[in-house]
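These notes are about the structure you will find just below.
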Amino acid sequence: MRVTTADDFCGPVRQSGDQLNYKLCPVCGSDSWKVYLDPSSGRWMCFAGQHGAGGRVDMGLPVDDPGAVMEHMVRTQQTEEYDPPEIALPEWEGLGMVEANYMQQRGMTVAQALKHGIVKRMGSPRVLIPVYQDGKLVYWTSRLTVPENHPAADGPKYLSAPVRHPLAVYGEGTECLYVVEGIFDAIAFAETDAGCTAVALLGKTLPNYLRKNFLTLARKFGIIYIALDSDAAYPAFKLQRTLEPLVDRVRVLTMPRGDDPAELFRRGELSNWILENA
C-alpha cells in the first residue's frame, strides 16, 4: 500500500514525545506499536518493517503549531466522532429520460433512485446522489451519465462536495451491516437485503477521522460483513483490524474477480451471491 496522507494510518494511536505512535502499520500490518509519525513534518517510520524512512505524508492540517496538530490528531482519533456540517445541494431537477435510462442500466428502477434521493444535476449530464445524516444533508456526489470523452461531459466521472466525506448509510435493517466502497454498492445491498443496512466508505480505506463513527455504527449490528471490491484484499484486512474490538462479529466476503456489489446487482446476481456467501 502507498501511504500518502495521515488518513492512511488507522487504529489505536498515542502520543510519544513530539510524535504520534500507532499500533498498526498500514504497509506491513505489524501491530507492535512500532510506527511513528511526526505531525510537524509528515515524516514517518515503521521500525518493525524498517520502511518509511524519509517518506512524507500530507497531514491535512496546518503545521504552524505542531503541538496543536498533535493534540488534534490524538483527540480526533481516540475520543471524538466526526459531526459533518450541513451543506446545500447544487441546483437540481427531476430525472429525465437519459438519467432514468442510466439508472436502469445500473439495474435500478426510477422508483428506487427516487427513494434514495437521486436527481439530475441541473445543466449537467450527471445524476446527483445526496448523503443525509440525522435528517440533514452532509455530502453529495455526482456521476456522469455519458462517457468522459463525450462532448457534453463537464469533468471527471465523479464530482463530489468540497468537504470531508462522512459515512454513507443506506437501509434500515438491523440484522447485519454490509461495509462497501461506493454509494451504488451500498444501495445495491439495501435494495437486495431489506433485513440489513449498508455503509459506503466512499473509497477503499477508512479515514482516521471516521474511525469512531464507524465503530459506533458497527456496534449496533450482530454481524458485520466487509464486502469490498475484488481488488481490495489489503484494505479489507486493514478494515478488519480496525474492527478488532468486534472481531467475533466480522466476516470478510470475497467478491468475484472483477466484480463489485453494484455490478452483481445490475446483473440480478446479488441476491444469490448473498445466499451463498453471507
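All of the numbers you see were taken from the coordinates with simple rules; none came from a lab. All of these numbers come straight from a predicted model, not from anything done at the bench. Note that each Cβ is placed from the backbone with ideal geometry, even for glycine, and that neighbours are counted across all protein chains shown.
Structure values in brief
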| quantity | calculated |
| --- | --- |
| Cα gyration tensor category, rounded, prolate or oblate, for region 161-278 with a/c compared to 1.5 | rounded |
| ³J(HN,Hα), Karplus 6.51/-1.76/1.60, whole Hz, each residue of region 234-250, x for Gly, Pro | 5, x, 5, 4, 4, 5, 4, 5, 4, 8, 3, x, 10, 3, 6, 9, 9 |
| Region 92-160 shape via C-alpha gyration tensor axes, a/c threshold 1.5 | oblate |
| Three-way shape call for region 1-56 based on the alpha-carbon gyration tensor, with the a/c threshold at 1.5 | rounded |
| Tilt relative to the chain, helix 66-78 - C-alpha long axis, 0 to 90 degrees, to 10 | 60 |
| Listed peptides 18-25, 86-93 by packing density, highest first (mean Cβ within 10 Å) | 18-25, 86-93 |
| Cβ crowding within 10 Å averaged over residues, with 96-109, 127-140 ranked highest first | 127-140, 96-109 |
| Value at 222 nm in deg cm²/dmol, rounded to 500, when DSSP H runs of n ≥ 4 in the chain each add -39,500 (n - 2.57) | -7000 deg cm²/dmol |
| Principal-axis tilt of helix 183-192 within the chain, Cα atoms, nearest 10 degrees | 60 |
| Under the Karplus curve 6.51 cos²θ - 1.76 cosθ + 1.60, θ = phi - 60°, whole-Hz ³J(HN,Hα) for region 7-18, x wherever Gly or Pro sits | 5, 6, 8, 9, x, x, 9, 9, 8, 9, x, 9 |
| Where a label projected 7 Å from the Cα of Ala278 along Cα→Cβ would reach, residues of region 239-253 with amide N under 18 Å | 249-253 |
